[in-house]
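S.K.: Attaching a single structure in structure tokens format; questions to follow.
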Amino acid sequence: MRVIIARMNALKNRPANDSREFYARLATDLKEWGRELGFQQIGVTTVDLDEHEVRLLEWLRAGRHGEMAYMARHGTRRSRPHELMPGTIRVISARMDYLPADTASPLVLLERPTIGYVSRYALGRDYHKVVRARLKRLAARIEQHSGPFGYRAFVDSAPVLEKALAENAGLGWIGKHTNLLNRGAGSWFFLGEIYTDLPLPPDRAASNHCGQCQACIDICPTRAIVAPYQLDARRCISYLTIELRGSIPEALRPLIGNRIYGCDDCQLVCPWNRFARSSGEPDFAPREALRTPQLTTLFAWSEPQFLEYTAGSAIRRIGYECWLRNIAVALGNALRVTEGGAQTPIVAALTTRLDHPSPLVREHVSWALAQKEK
Ligand code: B12
Ligand code: SF4
Ligand code: SF4
């Protein structure tokens with residue numbers, strides 16, 4: 001009953017002719033509500049993604065999505081919001097910072113071969129859950145104010161071209177590393193959006209400030225950024241350790257180093273990340289077991305332990321087998337750069353998994369042990 005009264009009151013707020021001023025005011029208000037809900041920035045855009053659609057189709061045609069079949073499955077629905085949700089005329093795009101404040105320096109961790117490096121976005125709770133719940137609260141707030149409206153909230157949960165929409169909504173530009181970045185906030189943030197039928201005034205698209213820089217292209221360990229703004233996902237460590245379910249190509253394994261879940265290198269070197277702020281979200285606080293984990297400790301986790309320590313985390317999605325696969329590669333890489341006694345615990349840990357029931361794990365363990373001789 002209370003909901004119905006709230007809606008009726010809200011409808012009373014709404015002018016009969018749905019005037020331009022009403023939506024301009026709503027657009028200003030919803031940005032403020034977004035900040036109150038923990039988003040750092042909100043923008044509004046239309047559904048026009050023509051240029052990005054061309055790039056998406058080229059990328060798919062070149063097979064750069066690898067085994068991510070879901071990227072190709074939905075035809076033009078990914079680049080045409082109104083085909084995914086009929087009636088959509090605007091997209092409210094939102095970003096939420098995730099960089100945890102109290103972690104060891106990523107660059108230092110990447111230099112320590114016996115420590116497992118987990119990309120910064122995955123140290124805390126699964127962002128899909130956190131961001132989507134907030135977007136729903138934002139939509140409820142809009143509804144409370146303006147009355148019922150058509151909407152759907154997404155966080156990488158449907159075929160949506162999130163970075164392109166965010167760029168058009170003024171949240172930042174797609175950099176040469178293909179992440180969205182912002183002059184005042186760097187790139188350590190997640191994106192989410194609300195598709196809607198409200199005729200909100202669109203914001204101005206962000207301009208590009210990469211200039212002559214190409215630090216991200218030069219640093220990429222696997223040369224996955226094949227040209228500015230073009231990523232061959234099949235070479236990206238994020239894809240190899242998170243998306244790929246099978247065997248990691250042998251030629252790429254030595255280049256993965258100690259990165260066991262995702263990769264941050266192209267963002268770590270980006271000069272605009274000097275302006276990034278750390279997140280105050282308790283949900284993104286790093287889990288103790290993942291802060292500076294010894295590879296041998298992680299490799300000793302049983303499957304129930306893996307499920308317990310990664311409950312509610314994005315890491316759980318890859319499953320135990322791929323978790324062991326990734327750590328085996330990192331242990332093999334540690335063997336390549338250590339000597340004598342330092343190798344003993346690594347060899348011992350790998351040996352315990354030589355007869356693992358999974359052929360995938362066994363194959364990566366054998367490869368890893370063979371690195372001792374390299
Ligand atoms: C598939 C995917 C991946 C794939 C492929 C990445 C990619 N670049 O496409 C893999 C597994 C490799 C990946 C990795 C990561 N991902 Co990811 N991923 C996605 C996903 C699901 C789709 C991205 C997509 O649409 N790709 C399609 C291709 C065509 O897009 P694109 O390469 O960016 O190309 C665009 C431009 O570069 C340009 N373009 C392309 N070619 C050309 C050529 C020229 C000449 C020009 C000028 C332009 C141009 O147009 C294209 C279309 O806009 C989104 C969520 C979503 N639904 O959008 C998250 C998302 C992009 N990922 C995210 C994150 C956090 C990551 C990682 C940082 C995770 C990590 N630490 O390991 C890495 C970053 C790797 C990197 N350098 O991009 C965030 C990014 C947030 C941000 N600030 O940008 C997103 C938005 C998820 C989210 N909701 O927050 N990801
Ligand atoms: S995430 Fe790592 S592997 Fe992927 S493009 Fe960036 S630096 Fe290269
Ligand atoms: S490292 Fe340089 S080229 Fe790459 S995204 Fe950042 S500013 Fe652009």
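The values are calculated or read from the model by the stated rules, or taken from the named source; none is laboratory data. This one's a predicted model, so the numbers in the text were calculated from it and none came from an experiment. Every residue, glycine as well, gets a Cβ built from its backbone with ideal geometry; the counts of neighbours run over all protein chains shown. Ligands, DNA and RNA are stripped out before the accessible areas are found, and what is left, the full protein with its side chains, is counted by its heavy atoms. Shrake-Rupley method; radii C 1.70, N 1.55, O 1.52, S 1.80 Å.
S.K.: How do the pairs read when you match residues in the stretch 142-163 that are in contact (Cβ under 8 Å) with a residue 60 or more places away in the chain and within 22 Å of residue 75 (Cβ to Cβ) with residues anywhere that are of a type outside the set (A, V, I, L, M, F, W, C) and in a helix (DSSP H, G or I), using Cβ under 7 Å and keeping only pairs 6 or more apart or on different chains?
M.R.: Short answer, once both residue conditions are applied: 159/77; 161/52.
S.K.: Specify the residue that is most open to solvent (accessible area, probe 1.4 Å); the eligible residues are those in the stretch 202-228 that are assigned to a loop (DSSP other than H, G, I, E, B) and within 9 Å of ligand 3 (Cβ to nearest atom). Break it down stepwise before answering.
M.R.: Initially, the stretch 202-228 is screened for residues assigned to a loop (DSSP other than H, G, I, E, B), giving 202-214, 220-224, 228.
This time we only want the ones that are within 9 Å of ligand 3 (Cβ to nearest atom), so: 208-214, 228.
Numbers: 208: 72, 209: 58, 210: 24, 211: 52, 212: 176, 213: 52, 214: 87, 228: 62 Å².
Only one residue tops the list, namely 212.
S.K.: Okay, moving on. As an exercise: evaluate residue 174 against (1) touching a helix residue (DSSP H, G or I) at 6+ places or on another chain (Cβ under 6 Å); (2) within 16 Å of ligand 3 (Cβ to nearest atom); (3) β-branched (Val, Ile, Thr); (4) more than 16 Å from residue 43 (Cβ to Cβ) and give the number of the one condition it does not meet.
M.R.: The single condition residue 174 does not satisfy is (4).
S.K.: Could you list all residues from the stretch 152-170 that are hydrophobic (A, V, I, L, M, F, W, C) and near ligand 1 (Cβ under 6 Å from one of its atoms)? Break it down stepwise before answering.
M.R.: Going residue by residue through the stretch 152-170, those that are hydrophobic (A, V, I, L, M, F, W, C) are 153-155, 158, 160-161, 164-166, 169.
Those that are hydrophobic (A, V, I, L, M, F, W, C) and near ligand 1 (Cβ under 6 Å from one of its atoms): 155, 160, 161, 164.
S.K.: Now a separate question. As an exercise: evaluate residue 261 against (1) crowded, with 16+ Cβ neighbours inside 10 Å; (2) of a type in the set (Phe, Trp, Tyr); (3) over 22 Å from residue 317 (Cβ atoms) and give the number of the one condition it does not meet.
M.R.: The single condition residue 261 does not satisfy is (3).
S.K.: Oh, and also: Within 20 Å of residue 105 (Cα to Cα) and either away from ligand 2 (no atom under 16 Å from the Cβ) or among the aromatic types (Phe, Trp, Tyr) (or both), is that true of residue 317?
M.R.: On the way: within 20 Å of residue 105 (Cα to Cα): no; either away from ligand 2 (no atom under 16 Å from the Cβ) or among the aromatic types (Phe, Trp, Tyr) (or both): yes.
It is false that residue 317 is within 20 Å of residue 105 (Cα to Cα) and either away from ligand 2 (no atom under 16 Å from the Cβ) or among the aromatic types (Phe, Trp, Tyr) (or both).
Let's see how each residue does on (1) open to solvent by less than 50 Å² (accessible area, probe 1.4 Å); (2) under 23 Å from residue 139 (Cβ atoms):
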| residue | (1), (2) |
| --- | --- |
| 45 | yes, yes |
| 77 | no, yes |
| 82 | no, yes |
| 94 | yes, yes |
| 109 | yes, no |
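S.K.: Of all residues in the stretch 101-120 being touching a Leu at 6+ places or on another chain (Cβ under 9 Å) and aliphatic (A, V, I, L, M), which is farthest from residue 328 (Cα to Cα)? Even if it seems obvious, please write down each step before you answer.
M.R.: Filtering the stretch 101-120 down to residues touching a Leu at 6+ places or on another chain (Cβ under 9 Å) leaves 103, 106-107, 110, 113-118, 120.
The next check asks that each one be aliphatic (A, V, I, L, M); those that pass are 107, 110, 115, 118.
Numbers: 107: 21, 110: 16, 115: 12, 118: 14 Å.
So the residue we want is 107.
S.K.: Quick one: residue 88 ticks every box in (1) surrounded by fewer than 16 Cβ atoms within 10 Å (Cβ to Cβ); (2) in contact (Cβ under 8 Å) with a residue 60 or more places away in the chain; (3) touching a helix residue (DSSP H, G or I) at 6+ places or on another chain (Cβ under 6 Å) except a single one, so which number is it?
M.R.: (1)
S.K.: While we're on this one: All but one of (1) within 29 Å of residue 288 (Cα to Cα); (2) of a type outside the set (Gly, Ala, Ser); (3) in contact with a strand residue (DSSP E or B) (Cβ under 7 Å, 6 or more places away or on another chain) hold for residue 128; which doesn't?
M.R.: (3)
S.K.: Given the conditions (1) of a type in the set (S, T, N, Q); (2) under 24 Å from the mean Cα position of the chain (by Cα); (3) open to solvent by less than 50 Å² (accessible area, probe 1.4 Å), which single one is not true for residue 278?
M.R.: Only one criterion is unmet by residue 278, namely (3).
S.K.: For the stretch 263-374, list the helices (runs of 4 or more DSSP H) that sit wholly inside it and hold at least 2 residues that are touching a strand residue (DSSP E or B) at 6+ places or on another chain (Cβ under 8 Å) and over 30 Å from residue 207 (Cβ atoms); which are they? Spell out the reasoning first.
M.R.: Working: elements: 265-268, 295-300, 303-309, 319-337, 344-351, 359-370.
Counting at least 2 such residues, we get 295-300, 319-337.
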